[in-house]
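My questions all concern the structure below.
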Amino acid sequence: MISPETASIEPSLKGPHLTSEVVSDTLRRLLRSKFGFQSFRNHQEEVCLKVGQGKDVLLVMPTGAGKSLCYQLPGLARGGVTLVISPLLALIEDQVEKLSKLGLRADRIHSGRSREESRQVCRDYLTGNLDFLLIAPERFSVPGFLSLLQKRKPTLVTVDEAHCISQWGHDFRPDYRALGEHLEALRPANILALTATATPMVQDDICKQLRLNQESRLIHGFRRDNIAIQLMEILPSQRSSMIESILKKESQRPAIIYAPTRKVAEQLHDELKSKLKIGIYHAGLQPSAREKNQNSFLIGEVDVIVATVAFGMGIDKSNIRTVIHAGLPGSIEGYYQEIGRAGRDGKPSRAILMHSYADQRTHQFFLERDYPETNFLRQIYGSLSEDKKPTELIKAEVLPQFKTVEVFEKSLEKLRIHRGAVVDFEGNLSKGVASWEKTYMEQKRHKEKMAVQMSHFTQTHSCRMLGLVNYFGDQKDEGTPCGVCDDCDPLAGASPLRTLTREEQGWVAEIMAILSTSDGKAAGRLHKEVMDNAPSISRTEFERILEVLAKAEWVKIFHESFEKDGKSIPYKTIFLTTRGKKAKADELSQLKTSAAVSAPKSAKKRKTRFKKRR
Ligand code: ADP
Ligand code: MG
């Protein structure tokens, strides 16, 4: 039952001319009495006030900042039902449990519940027996569900993890796509969209799709002072032993290790399980195993978890000391989201990003896997008609033209996302819109661009946190360097440095000599020319040496790209800086590279030369 306190407050927030003071008082009282919090955290009050006054808000605040309260408190204060749309069953269950523990009337409808349970929730909804109703977005495709909601419209609608609505976001979900239309039918309820990760472009998209006006945006607090970001250039083969040595120290745990693929996650788990108390989590595991492993990490039975990006959305564990990326993430959005899980308790924590030139090739592979050739999608689209046909039938029809079942499934998924195929609740397919091809190509290019931006991040030489803050367009940020990342404080970094070996110094000399006669060379070309005199330098090593030179400000690397067959192909041009032009041979010994990268094996003595060739 609704408490007398809520009941007495409720009508006061329904009047048309509420002053901020009235709303503010009510919110403050409920904050203490219902949620047991003494005060608001940064920005919460501003948001609750806006939402409490019936305005739409897009709120972008980092994970752990306390976004949920921003719907719970004003929702409760205003009375009626708050409808919450959330992408994952686990998140829904978690929220319902928390709300119920506070004595609030919260329930949920999703595919994990029985028909009878769902019916009961619908009845409770209609009779006004709920404060919060949580659903997954696909619920809207169940016939009759929207009209049920319309019979007694919610007061407030919350879209959690709202970046999922944007195809420019890193975690796009097709079921979020049509939300804008559905929610329009629930007006005048105001909409609160919540996310921890949205670039200005994703913010635009969320606003457009949910039909929120520009003034509704509140973008706050991307800076995380207590996370020391460290980049570590290290070959994939050396990562597991490096992880072991980092996480051996108790102060570095609990820790999450993000692996780029399930396979790498399995590998790392195998290699580390005898050395650390480590669990594993990825989408290839049975749901029950996933849940068990996640739980044992949450309650501390294991204090390390190696996982793919499938892990962590909405995970509320405040004492994570280290997040390690054992490979380059696919986008800066994803990366930021993942490192944001470190140190939510405000205590010092670390985010270590392991990368090497080889990771870029892995990305190319992912892109090809996740974004099949348009031709494959055309095959499926061509086999669809206005009449619904079972998916299995379509599959049997076109499968012979596909390389593997996975390619078929990926292609169908993409076609569906871009609405070229329509799937009903029973899994029947029919033909969708022809514009799928355009949006698919756009998205594919966008993904490529995001991967390129991520690899640029590893090649910049300025404060890491500031780089991220600027990327997200946090306007209120003061713009100062963080002081704790490996760029601000190299000595605190996870990757100690070493001087270059004689052979490496020889490579540098070679590069400098070539550039001094013809500056501004493309990296690939430069590598080839260096190999003329130093055949032992691999591309990976060459890239690493370039990084060393860029860091020492001897060269400047410009990132460019050209279009080929509809793909954007990135490349780099290398220029000598004024500093580089003046560099002398005896300064070679001052150059430093990451100690995590072992020196090349063939330690041939070379004569270092800076003079022009010929
Ligand atoms: P987000 O959704 O932004 O990632 P949550 O809403 O899950 O974050 O909140 C993170 C944690 O902070 C939760 O444990 C929540 O109870 C707590 N919290 C939120 N607001 C406050 C507050 N005003 N005072 C104290 N704790 C709070
Ligand atoms: Mg949340």
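The values are calculated or read from the model by the stated rules, or taken from the named source; none is laboratory data. Keep in mind that what you see is a predicted model, and the values were worked out from it rather than measured. In this analysis, Cβ positions are derived from the backbone assuming ideal geometry, glycine residues included, and neighbour counts consider all displayed protein chains. These area figures cover heavy atoms from the full protein model, side chains too; ligands, DNA and RNA do not enter into them. Shrake-Rupley method; radii C 1.70, N 1.55, O 1.52, S 1.80 Å.
Has the range 217-227 got any residue that is closer than 30 Å to Gly79 by Cβ and either open to solvent by less than 20 Å² (accessible area, probe 1.4 Å) or touching a Lys or Arg at 6+ places or on another chain (Cβ under 6 Å) (or both)? Give the derivation first.
Our first condition is that a residue be closer than 30 Å to Gly79 by Cβ; within the range 217-227, this holds for 217-221.
Among the residues that remain, those that are also either open to solvent by less than 20 Å² (accessible area, probe 1.4 Å) or touching a Lys or Arg at 6+ places or on another chain (Cβ under 6 Å) (or both) are: 218, 220.
Yes, some residue in the range 217-227 is closer than 30 Å to Gly79 by Cβ and either open to solvent by less than 20 Å² (accessible area, probe 1.4 Å) or touching a Lys or Arg at 6+ places or on another chain (Cβ under 6 Å) (or both).
Could you tell me whether the range 207-223 includes any residue that is within 26 Å of Leu328 (Cα to Cα) and in contact with a helix residue (DSSP H, G or I) (Cβ under 8 Å, 6 or more places away or on another chain)?
Yes, the range 207-223 has at least one match.
With the structure loaded, tell me whether Asp303 is modelled with pLDDT of 95 or more and acidic (Asp, Glu) or whether it fails that test. Quick ask: steps written out before the conclusion?
Values: modelled with pLDDT of 95 or more: yes; acidic (Asp, Glu): yes.
Yes; evaluated as a whole, the condition is true for this residue.
What number of residues in the range 138-169 are within 25 Å of the chain's Cα centre (by Cα), open to solvent by 10 Å² or more (accessible area, probe 1.4 Å) and more than 16 Å from ligand 1 (Cβ to nearest atom)? First the steps, then the outcome.
First, pick out the residues of the range 138-169 that are within 25 Å of the chain's Cα centre (by Cα): 138-139, 157-169.
The next check asks that each one be open to solvent by 10 Å² or more (accessible area, probe 1.4 Å); those that pass are 138-139, 160-161, 167-168.
So of that shortlist, the ones also more than 16 Å from ligand 1 (Cβ to nearest atom) come out as 138-139, 167-168.
The total comes to 4.
Shifting gears a bit: Take the conditions in the same structural domain as Ile92 (by TED's automatic domain parsing) and within 17 Å of Gln443 (Cβ to Cβ) and apply them to Phe145. Does it pass?
On the way: in the same structural domain as Ile92 (by TED's automatic domain parsing): yes; within 17 Å of Gln443 (Cβ to Cβ): no.
So Phe145 fails the test.
Oh, and also: Would you check which residues across the range 322-343 are closer than 18 Å to Met61 by Cβ and buried (at least 21 other Cβ atoms within 10 Å of the Cβ) and list them?
Ile332, Glu333, Tyr335, Tyr336, Gln337, Glu338, Ile339, Gly340, Arg341, Ala342, Gly343
Cβ-Cβ distance below 7 Å, separation of 6 or more or different chains: which pairs start in the range 34-50 with a residue that is more than 16 Å from ligand 2 (Cβ to nearest atom) and end on one that is in a loop (DSSP other than H, G, I, E, B)?
Pairs found: Lys34/Leu102.
Of all residues in the range 545-569, count the ones that are within 19 Å of Pro490 (Cβ to Cβ) and open to solvent by 80 Å² or more (accessible area, probe 1.4 Å).
Of the residues in that region, 2 qualify.
One line per residue, one yes/no per condition, for (1) surrounded by fewer than 14 Cβ atoms within 10 Å (Cβ to Cβ); (2) among the polar types (S, T, N, Q); (3) modelled with pLDDT of 70 or more; (4) within 17 Å of Glu543 (Cβ to Cβ):
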position	(1), (2), (3), (4)
Tyr571	yes, no, yes, yes
Thr577	no, yes, yes, no
Ala583	no, no, yes, no
Asp586	yes, no, yes, no
Ser598	yes, yes, no, yes
Lys601	yes, no, no, no
Lys611	yes, no, no, no
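Further question on the same structure: Quick check: anything in the range 367-387 in contact with a strand residue (DSSP E or B) (Cβ under 6 Å, 6 or more places away or on another chain), more than 16 Å from ligand 2 (Cβ to nearest atom) and open to solvent by less than 50 Å² (accessible area, probe 1.4 Å)?
yes
Inspect the range 66-82 for any residue being small (Gly, Ala, Ser), surrounded by 22 or more Cβ atoms within 10 Å (Cβ to Cβ) and either part of a helix (DSSP H, G or I) or outside the structural domain of Ile206 (by TED's automatic domain parsing) (or both) and give the result as yes or no. Reasoning before the result, please.
Initial filter on the range 66-82 (small (Gly, Ala, Ser)): 66, 68, 75, 77, 79-80.
Now restrict to residues that are surrounded by 22 or more Cβ atoms within 10 Å (Cβ to Cβ): 75, 77.
Subsequent filtering for residues that are either part of a helix (DSSP H, G or I) or outside the structural domain of Ile206 (by TED's automatic domain parsing) (or both) retains 75, 77.
Scanning the range 66-82, I find at least one residue that is small (Gly, Ala, Ser), surrounded by 22 or more Cβ atoms within 10 Å (Cβ to Cβ) and either part of a helix (DSSP H, G or I) or outside the structural domain of Ile206 (by TED's automatic domain parsing) (or both), so the answer is yes.
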